[in-house]
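Nothing in this text is a laboratory measurement; each read-out follows from the coordinates by a stated rule. Everything numeric here is computed off the predicted structure, so don't read it as measured data. Please note: Cβ atoms are built from the backbone with ideal geometry, for glycine as well, and neighbour counts cover all protein chains shown.
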Amino acid sequence: LTAETGTDDYHIFLAALNTADFSLDWATKVALIGDNYPQGMVRLENELVMHGYILSTSLMGSNLLTPTGGSDPFVVRSALADGSVDAAELFAGAGVERGYGLDARNGGLAVSGNLALQSLIIGETELAGINPGLYVARVGVSIPLNVQFTGIQHPSCNGASDGTAQAVPQGGSGPYAFLWSTGDTTALAAGLPAGDYSVTITDNDGAQVSLGLVLTDPPVLVVSAISENISCNGAADGAILSSVTGGEGDYLFQWSNDAETPDIQNLGPGDYTLTVTDANGCTATWAAAITEPEPLILATVTLENAACGQANGQATVSASGGNEPYLFKWSNQATGASVTGLSAGNYTVSVTDANGCTTDLQLTIQDAGNTLDLAVDILQAPACDNTADGQLAATVTGGTPPYTYHWSNEQTGDILSGLQAGSYAVTVTDALGCSKIETIELEGQSMLLVSMNITAQNDCSGDSLAAVTAGPMNGTPPYTYQWDTGDTTANLSGLPAGNYFVTITDAAGCTAVAGAVFTDPPPLNSEITATETGLTVAQSGAQYQWFDCMTGEPVAGATSQHYQPEENGEYAVEITLQGCTLTSDCVPFDLVAADEPGDAPGLPVVYPNPNNGRFTLYLPGESAIRIFDAAGKIVKQYRFSAGYHQVDLGPCPAGVYRLIAGDSHAMRIIEMIKLN
């Protein structure tokens, strides 16, 4: 704590110490300014009262006390909880009066001190001065009437009416009268359900104070459970898993089978009841039945023995009881209630229900005997691979007639006619269901062969000079020709690059298909690159002739891969390589690198140059405008009147661009640079 004024002043402080170890609970200043001398302190209820004297003006809480003489007595009251000042009073005197004694016995407060020659005013009483003299005064300390609740007991169970509350008056003057909102007139209100309540206390002086409280129910005690029924008939693996919410505190569990845990396991079939009790004695119950499934039974429905030594037996079983769905598994790894393709032997089928319960059944498949043999003969081979005049015959021995025939081309009967060359299979089944399959390859008696003679190729990319002649090497003349181009002769000519196919048919109806492929040589590359030093065509190792596109005339002496124009304009190059010739597109070339606007120049001007893609274009007259990128592609074109115009290249990338203003009669080419 720090003094607020000079070092000659004495202030008052209060400090509360813990009686167990004298640790500090709180400390505060009572008098903030002036010379203050407390001489005694007593405790009244929740208040502390000090008596003493001051020599100069003192600030106690919000009370400013100024002595009228050399010193005056004072009384100050502070709260026990934190020492805060709630009242202070000065005994006014004209001389030097000082307060010393303080007593709070027998109710009330007595103070004493010294008198001077001058009078001293205490409350409404003025004491005549005596020197030396002594004063004694009884001072009233009023504690306001207040009330607080103790012993609050909320209802023990949700919906119960056993709540209580005790009203305890503080301050005021007894005896006290009580009036609850329930009509009760005692300090203790009991048998209360949840709700809002208030009490009004009146003291002996007629002062009143009211206070309310809310009693609340605990959460509803709710018990629920999940039942797990017995998995298989005869098992004792049922279980009940409980869940409890609400109520108060820990829970006690009591099952009808004397178990005392939240969950119970290893249960047989029957009815079970759970009672849950919370810490307040509230209870809730839950009941359920544990059931077991019917016994799982597996029975035979049908059984058909195998025949002819084949795996053609079959069996069907059915399951009942347990819990569906059922899963069947046979000893031959088959699944499902029915199984086919069984050879003679013993089989076991196992069924498993949804709970994993299982049971088995033994079955025996007998063999009915007998043997079926099958042979396929070629009665006639096809004349050609693609003629349908072949014939096959199936011969059956053994087995049990009658027989049925089924060929791979969906025909029936023992004779198969109208066949082309190919693979054929027949399945024969006898009266007992025995079957056998045989496959045979049927080949044509002859095959038509064709030769393809390429008589000409395309020398240059894009030519249509190729030629081919198709000729049969065997077969029976005359022959017919059918090309995929629609032509019907043996020869094709004037062909561009591509694939060509011909179908040849001889007099016997035999056919053959042959083809020829023509490819172009690599095309000439006529792409021109323009730089400050001139124009360069991409194709190397060729003969060159450059042309002035404005005049259409060849440029004398310009016969190399690189050409340096002497004048602005547009130029193209003719390339000749291995007899192939290609002429490029016209490319603009400009010797002008930059311009700046002057006062009404006589030529088109771009400014600034270089620029960021936005620039000013001056035109001395109406003109068409074309802007090319470095590859010679037009990126912008306009038609402007004479004067200044703002142009924006937009998203075009940085690089060198050429702006051509005018037409073929008068043209200006300006090279400009876009920086970003």
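Values as computed for the structure displayed
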| quantity | calculated |
| --- | --- |
| Rg to Rh, two decimals, where the range 222-290 supplies the alpha carbon set and Rh follows Kirkwood | 1.01 |
| Net charge contributed by nearby residues that have their C-beta within less than 13 Å of A307 (K/R +1, D/E -1) | -2 |
| Shape box of the range 171-266 [Cα atoms, principal axes, largest first, Å] | 83, 20, 20 |
| Proximal lysines relative to K674, as straight alpha-carbon distance under 21 Å, when same-chain residues fewer than 8 apart are discounted | K633, K636 |
| Distant-in-sequence amide H partners of A94 (H built 1.01 Å from N, under 5 Å) | S119 |
| Euclidean distance of C-alpha centroids, the range 520-536 and the range 74-119, integer Å | 117 Å |
| Top positive-direction residue, dipole computed over the chain with Cβ charges, set P382, S256, Q153 | Q153 |
| Cysteines not pairable in the chain (beta carbon separation under 4.7 Å absent) | C652 |
| Order of D590, D373 under a 10 Å beta carbon neighbour criterion, fewest first | D373, D590 |
| Within the chain, longest stretch clear of exposed trypsin sites (Lys or Arg not before Pro) (DSSP loop, no more than 14 other Cβ within 10 Å) | 106-632 |
| Solvent-free Debye scattering, log10 I(q)/I(0), computed from the Cα coordinates of the range 297-365 at q = 0.20, 0.25 Å⁻¹ | -0.73, -1.04 |
| Under the Karplus curve 6.51 cos²θ - 1.76 cosθ + 1.60, θ = phi - 60°, whole-Hz ³J(HN,Hα) for the range 323-336, x wherever Gly or Pro sits | 10, 5, x, 9, 10, 9, 9, 9, 5, 9, 6, 6, 10, x |
| Separation of alpha-carbon centers, the range 464-519 and the range 605-652, rounded to whole Å | 59 Å |
| Amide H contacts of V450 (H built 1.01 Å from N, under 5 Å, at least 5 apart or other chain) | M473 |
| Relative contact order computed over the range 297-348 (Cα-Cα under 8 Å; 6+ residues apart), in percent | 38 percent |
| Share of Cα-Cα pairs in the range 146-215 lying beyond 17 Å, as whole percent | 37 percent |
| GluC sites (Glu not before Pro) restricted to the range 406-450 and DSSP loop, no more than 14 other C-beta within 10 Å | E410, E443 |
| Cβ-based net charge around H154, under 11 Å, with every Lys or Arg adding one and every Asp or Glu removing one | -3 |
| Computed log₁₀ I(q)/I(0) - Debye formula, equal Cα scatterers, no solvent, the range 612-657, q 0.16, 0.24, 0.25, 0.33 Å⁻¹ | -0.45, -0.92, -0.97, -1.26 |
| C580, C384 arranged by Cβ crowding within 10 Å, fewest neighbours leading | C580, C384 |
| Value of relative contact order over the chain, rounded to a whole percent, pairs C-alpha under 8 Å and six or more apart | 4 percent |
| Loop-located chymotrypsin sites (Phe, Trp or Tyr not before Pro) in the range 244-335 whose Cβ has at most 12 other Cβ within 10 Å (DSSP) | none |
| Electrostatic dipole magnitude of the chain [Cβ: Lys, Arg +1; Asp, Glu -1; Cα centre; debye, to 20] | 1100 debye |
| Amide hydrogen neighbours beyond the local backbone of A654, cut-off 5 Å, H modeled | none |
| For the range 84-90, Karplus couplings with θ = phi - 60° (6.51, -1.76, 1.60), whole Hz, Gly/Pro x | 5, 7, 10, 6, 8, 9, 10 |
| Protection-proxy order for peptides 645-651, 261-267, 347-353, each taking the mean of Cβ atoms within 10 Å per residue, highest first | 347-353, 261-267, 645-651 |
| Quarter of Cα convex hull surface for the chain, i.e. mean projection, nm² | 82.4 nm² |
| 3J(HN,Hα) from dihedral phi, the range 288-303, Karplus parametrisation 6.51/-1.76/1.60, rounded to Hz, x for glycine, proline | 7, 10, 9, 10, 10, x, 5, x, 7, 10, 10, 9, 7, 9, 9, 8 |
| Residue-count net charge about L298 - beta-carbon cut-off 14 Å; Lys, Arg +1, Asp, Glu -1 | -3 |
| Cleavage-rule hits (GluC sites (Glu not before Pro)) in the range 3-103: DSSP loop, at most 13 neighbouring Cβ within 10 angstrom | E4, E45 |
